[in-house]
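Data block below; observations after.
Just so it is clear, none of the values below were taken in a lab; they were calculated from the coordinates. Here the structure is a predicted model, which is why all the values come from computation and not from measurement. A quick note on method: Cβ atoms are made from the backbone with ideal geometry, for glycine too, and the neighbour counts reach across all protein chains shown.
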Amino acid sequence: MCGIVGYISKNKKASPILLDAIKKLEYRGYDSVGIATIDDEKIELKKDSGKINEVDKKVNLSDMRGCIGIAHVRWATHGHPNKVNSHPHTDHDNRIAIVHNGIIENHEELKKELIMEGHIFESETDSEIIAHLIEKFISKGFNFQDAMIETVKLIDGSYAIGAILVDCPNKLIAIRNESPLVVGLGNDYNFIASDIPSFLKHTKKVIFPDDNELVIVSSENVTIKDLNGNILDKKIETMAWNEEMAQKEGYDHFMLKEINEESVVVADTLSGRKEIEKIVVDLGSINKICFVACGTSYHGALTGKYLFESFLNISTDVSYSSEFKYLKDVLNENVLTIFVSQSGETADTLSAIKMAKNRSKTLAIVNVLGSSITREADHVIYTKAGPEIAVAATKTYLSQLVSIYLLAIYLSKNRNNKFYENMTSQIEKVPDYINELMLNEDKIKEIANKYKSTTLFFFLGRGFIYPTALEGALKLKEVAYIPAEGYPSGELKHGPLALIDENVAVMVLAPSENSESISTSSYKDTINNMEEVKSRGAQVIAITSYKNGENIDVNDIIQVNNQIDELLSPLVYIVPLQLLSYYISIYKGLDPDKPKNLAKCVTVK
Ligand code: M6R
């Protein structure tokens with residue numbers, strides 16, 4: 001989605017700092033960019049459609065005067081990605097400039113009224129009305145702060161807005177409702193932004209404003225007020241993240257860097273086990289779990305269903321966040337709803353938690369400190385993945401899975417279940433298994449090169465590894481633009497088998513049945529399903545931990561350590577699938593960090 005930044009300082013030029021900050025938000029929106037500053041009682045505005053570097057080359061975004069400014073990267077919702085629709089937007093007299101992330105749902109009716117009052121609009125966006133509404137209230141005699149308050153009283157929808165006003169050149173004002181907004185505190189400068197990495201280089205001190213709190217920022221002060229003008233006492237948090245974590249550090253892409261961080265991320269997330277054990281104490285009475293999530297986080301949640309149902313005998317539903325509101329309401333005080341989200345800002349997941357709170361116990365599994373979803377939940381497990389910049393989730397998926405496993409482990413401990421004993425020591429070995437797999441990178445590159453032109457992929461898995469098949473297919477679609485379907489291995493013959501021929505690649509995930517905790521016949525059954533696709537001509541790639549893969553006759557094989565417990569296989573098998581998607585994307589000449597049409601954080605419904 002869109003990203004906004006605002007910066008004000010005593011004497012430093014704002015535009016180079018804004019340009020650098022907005023580059024860190026490019027993963028959020030990429031079809032247009034713009035900056036507005038105030039200098040010499042005038043707004044200077046530069047904007048256009050295109051990637052930041054292209055627009056910068058054209059208009060030199062860092063060469064703008066003034067120590068106060070706002071900036072924006074756009075992911076178009078209303079209006080084509082072109083120069084006019086790019087943010088910042090201004091009023092007719094160029095006295096006010098605004099940036100906006102979100103959707104103003106009642107913009108059409110407000111626009112009609114404003115046009116009747118004589119306002120002239122330039123763009124097709126929903127956002128431009130904000131500049132005109134502020135203009136309207138300023139012309140009625142309201143000061144900047146009150147004009148903002150009157151404006152947000154009229155608009156419905158989601159927003160994070162940053163605004164500057166020529167008549168008030170020492171202040172920028174921001175406000176949010178259901179769209180992310182953080183404040184970064186410096187010495188004689190301050191920031192507002194959609195996301196922390198944009199200003200991490202300058203400060204780790206942050207404030208998280210809540211919905212409809214007015215953020216008034218000068219170079220020396222940040223004041224946060226409610227809509228009645230009362231000053232609020234907000235907590236200042238210090239981020240554990242550092243700037244290097246949000247840099248490529250020698251890797252060609254963030255995605256590759258983030259995959260390479262996975263063994264450390266798993267170890268770090270495991271180190272949070274005490275916090276999870278404490279949370280579990282409060283969950284003694286639960287007799288049902290509902291997971292709610294989107295995309296990759298949904299696949300993490302689905303893995304949770306297999307764990308909780310098999311080992312804790314707790315009936316577990318998994319719902320897409322956008323579907324949650326349509327499902328039969330099964331919530332009560334003995335139900336635990338678990339919201340899984342990397343960003344903690346996904347609009348559908350945020351609405352779902354608002355629906356579920358007060359009607360069930362709520363737990364959020366989130367990567368970003370202080371994000372909106374964490375503020376709605378009774379309990380929060382922070383995954384310890386550090387900032388994830390590539391649009392495709394990789395290391396955060398692993399950290400979500402580890403958190404879900406730890407939750408299952410400690411719930412089972414409380415219920416005197418054997419699963420606790422078996423898994424506690426086994427899970428510690430996962431970072432080593434991942435490191436071992438990374439040594440297979442050349443093999444994975446070779447397979448990526450061989451299959452880069454394949455036009456259809458299936459990913460098959462059974463039981464615990466089935467959600468991994470879904471996630472493998474999602475990664476390939478996202479970064480390599482190859483149609484890919486994840487299926488339970490046994491389900492293919494109920495329809496999709498009709499698509500199988502020699503042009504189709506089938507990735508078979510076949511963990512061996514070596515679990516101390518479960519006994520399934522998943523391996524044998526999966527191999528039988530594999531034979532079904534092979535005999536129809538498919539190119540088969542297998543990932544297996546079965547005794548050096550000796551009994552499998554396939555086109556290509558990726559061997560996983562045969563010591564790994566089948567139950568833990570989701571924590572390991574995903575790594576080669578992520579690498580495969582990454583390298584296919586590279587060999588196709590694509591940019592895996594910024595897939596087309598996608599945004600890292602989906603803050604609109
Ligand atoms: O921030 P969230 O985990 O709530 O995001 C959910 C999805 O938008 C996200 O997982 C998306 O599917 C990723 N791009 C997948 O790589």
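Rounded if a/c is under 1.5, else prolate if a/b beats b/c, else oblate: with a ≥ b ≥ c from the C-alpha gyration tensor eigenvalues square-rooted, which is segment 170-271? Note, shape of segment 170-271 comes out prolate. From least to most packed, judged by other beta carbons within 10 angstrom and beginning with the fewest, V84, V33, V560 follow the order V84, V560, V33. Each Lys and Arg contributes +1 and each Asp and Glu -1, all at the Cβ; summed about the Cα centre of segment 3-246, the dipole is approximately 780 debye.
The modelled label-to-label distance for the pair D442/K140, using points 7 Å beyond Cα in the direction of Cβ, is 7.2 nm. The alpha carbon convex hull volume per residue for segment 3-246 rounds to 108 Å³. For segment 196-280, the relative contact order comes to 24 percent (Cα pairs under 8 Å, sequence separation of at least 6).
Neighbour counts of C-beta atoms inside 10 Å place R462, R273 in the sequence R273, R462, starting with the fewest. Using a cut-off of 23 Å between Cα atoms, the listed pairs K274/K418; K395/K475; K83/K477; K450/K588 include K83/K477 as exceeding that distance. Is the shape of segment 212-347 best called rounded, prolate or oblate, per the rule: a/c under 1.5 gives rounded, else a/b larger than b/c gives prolate, else oblate, with a ≥ b ≥ c the square roots of the Cα gyration tensor eigenvalues? Oblate, since a/c reaches 1.5 and b/c is not below a/b. The sum of -39500 (n - 2.57) across all DSSP H runs of n ≥ 4, divided by the residue count of the chain, sets its helix-only mean residue ellipticity at 222 nm to -10500 deg cm²/dmol. Ranking L302, S285, I409 by Cα position along the charge dipole of segment 251-436, where only Lys, Arg, Asp and Glu carry charges on their C-beta atoms, puts S285 farthest toward the positive end. For segment 440-598, the relative contact order comes to 30 percent (Cα pairs under 8 Å, sequence separation of at least 6). Within a straight-line Cα-Cα reach of under 25 Å, K225 can be paired with the following lysines, leaving aside sequence neighbours fewer than 8 residues apart in one chain: K10, K136, K140, K153, K171, K204, K205, K234, K235, K354. Determine the distance separating the Cα centre of segment 120-158 from the Cα centre of segment 359-433; give it in Å without decimals. Cα centres, segment 120-158 to segment 359-433: 42 Å. Seen through its C-alpha gyration tensor, with square-root eigenvalues sorted a ≥ b ≥ c, the chain comes out prolate because a/c lies at 1.5 or above while a/b is bigger than b/c. With both residues required to sit in the chain, DSSP beta bridges show an antiparallel share near 55%. Within the chain, no whole DSSP H helix has Cα atoms reaching 27 Å or more along its own axis together with a mean Kyte-Doolittle score of at least 1.0. Quick check: the distance between the Cα centres of segment 238-262 and segment 311-343, to the nearest angstrom? Going from one Cα centre to the other spans 32 Å.
Its relative contact order, with pairs defined as Cα atoms under 8 Å and 6+ residues apart, puts the chain at 11 percent.
Gap in Å between the Cα centre of segment 168-237 and the Cα centre of segment 22-96? A separation of 20 Å, based on Cα centres. By the beta-carbon count within 10 Å of each Cβ, the least crowded to most crowded order of M438, M239, fewest first, is M438, M239.
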